[in-house]
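The values are calculated or read from the model by the stated rules, or taken from the named source; none is laboratory data. For clarity, every value in this text was computed on a predicted model and none was experimentally measured. Here the Cβ positions follow ideal geometry from the backbone for every residue, glycine too, while neighbour counts run over all protein chains shown.
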Amino acid sequence: MNCPLNGPRNISEFVWGGEVKPMPDETKLSDREWAEYVFLENNTAGVVREWWCHVPTSFWFIAERNTVTDEIVKTYPASEVFKARVDFAPKSERAKP
């Protein structure tokens, strides 16, 4: 796989981190809805944007992978998609279940 930071590396150096999906407003979610966001995947057949980590450097990036053929189509830094950091509200301000 081509790591955007380190170049082409053996696939054994990477771990999959799940699908890239829009982050919901954590102040309006129940614990169940938050768990669904974190743990459930769409399992779409075709090209999907996914989080991957190059383990030796702990560098997280995005890969577009065809889930039918397992081909890595493209890799790029997460900064190309996410332009700002997300600040989480203090636990006392989050929605109650």
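Candidates are the residues of region 11-31 that are of a type in the set (S, T, N, Q) and over 17 Å from Trp51 (Cα atoms); the one that is modelled with the lowest pLDDT is Thr27.
Candidates in region 35-94 are the residues that are basic (Lys, Arg) and modelled with pLDDT of 95 or more; of these, the one that is nearest to Pro24 (Cα to Cα) is Arg49.
Taking region 50-80 as the range and being without any contact (Cβ under 8 Å) to a residue 40 or more places away in the chain, surrounded by 11 or more Cβ atoms within 10 Å (Cβ to Cβ) and closer than 17 Å to Ile11 by Cα as the test, the residues that pass are Glu50, Trp51, Cys53, Glu64, Arg65, Asn66, Thr67, Val73, Lys74. Tell me which residues, restricted to region 1-38, are of a type in the set (S, T, N, Q) and free of Cβ contacts under 8 Å to residues at least 60 places away in the same chain. Across region 1-38, the qualifying residues are Asn6, Asn10, Ser12. Restricting region 3-46 to residues that are surrounded by 14 or more Cβ atoms within 10 Å (Cβ to Cβ) and in a strand (DSSP E or B) leaves a set whose member that is farthest from the chain's Cα centre (by Cα) is Cys3.
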